[in-house]
Amino acid sequence: MPSIINIAHAGARSLAPENTIAAARKAQLVGADMWELDVAVTSDGELILFHDDSLARTTNAVEAFPTRAPWTFTTFSLEEIRTLDAGSWFAKTDPFGEIAAGKVSKAELESYHG
């Protein structure tokens with residue numbers, strides 16, 4: 001009989017911002033066997049973990065670079081992407097209700113900023 005493998009999509013994205021080291025660590029803590037992630041290439045040829053075509057949903061790119069719509073990651077350098085906050089959106093939106101359910105600590109939430 002084949003065994004069941006638990007694969008975390010973008011890490012434990014209900015418990016931490018997706019495609020981050022925090023999400024990978026959370027996935028491991030909750031028993032995931034693997035981490036499915038998305039690798040993308042920046043304008044200067046550097047590899048990043050990123051799923052969407054646009055930086056707008058999961059970073060503060062709209063505020064940081066207001067004239068760069070539609071904020072497609074392929075038009076940003078790694079240096080520019082490193083200036084973005086890729087975690088605060090998670091705390092603000094609680095996309096899966098896990099923060100409200102008490103499954104994400106205050107310390108964890110604070111660590112997601114930046």
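What to note about this one:
- Theoretical FRET efficiency, 1/(1+(r/R0)^6), r = Cβ-Cβ of LYS106 and ILE5, R0 35 Å, to 0.05: 0.60
- Look at THR42, THR72, THR58 and count the other Cβ atoms within 10 Å of each Cβ; fewest to most, that gives THR72, THR42, THR58.
- Annotation: the chain has a Kirkwood hydrodynamic radius of 14.9 angstrom, from the mean reciprocal C-alpha pair distance.
- Largest GNM mean-square fluctuation among SER43, SER88, SER14, using the chain with Cα springs under 10 Å: SER43.
- Cβ-based exposure ranking for MET34, MET1, in which fewest neighbours within 10 Å come first: MET1, MET34
- Other residues lying with their Cβ under 13 Å from the Cβ of SER77 contribute a combined charge of -2, Lys and Arg counting +1, Asp and Glu -1.
- Each stretch of four or more DSSP H residues adds -39500 (n - 2.57); spread over every residue of the chain, this sum gives -6000 deg cm²/dmol at 222 nm.
- Built amide H within the under 5 Å cut-off of ASP85, gap 5+: ASN60
- Cross-link partners for LYS103 among the aspartates and glutamates, with Cα-Cα distance under 15 Å and sequence neighbours closer than 8 places in the same chain left out: ASP94.
- Distance (nanometres) between label positions extended 7 Å along Cα→Cβ at GLU79 and LEU47: 2.3
- Sequence of LEU47, LEU15, LEU78, LEU109 once ranked by neighbouring C-beta atoms within 10 Å, starting from the fewest: LEU47, LEU78, LEU109, LEU15
Read-outs: derived from the displayed coordinates by stated rules, not from any lab. All values reported here derive from a predicted model rather than from experimental measurement. For neighbour counting, all protein chains shown are included, and Cβ atoms are generated from backbone atoms with ideal geometry for every residue, glycine included.
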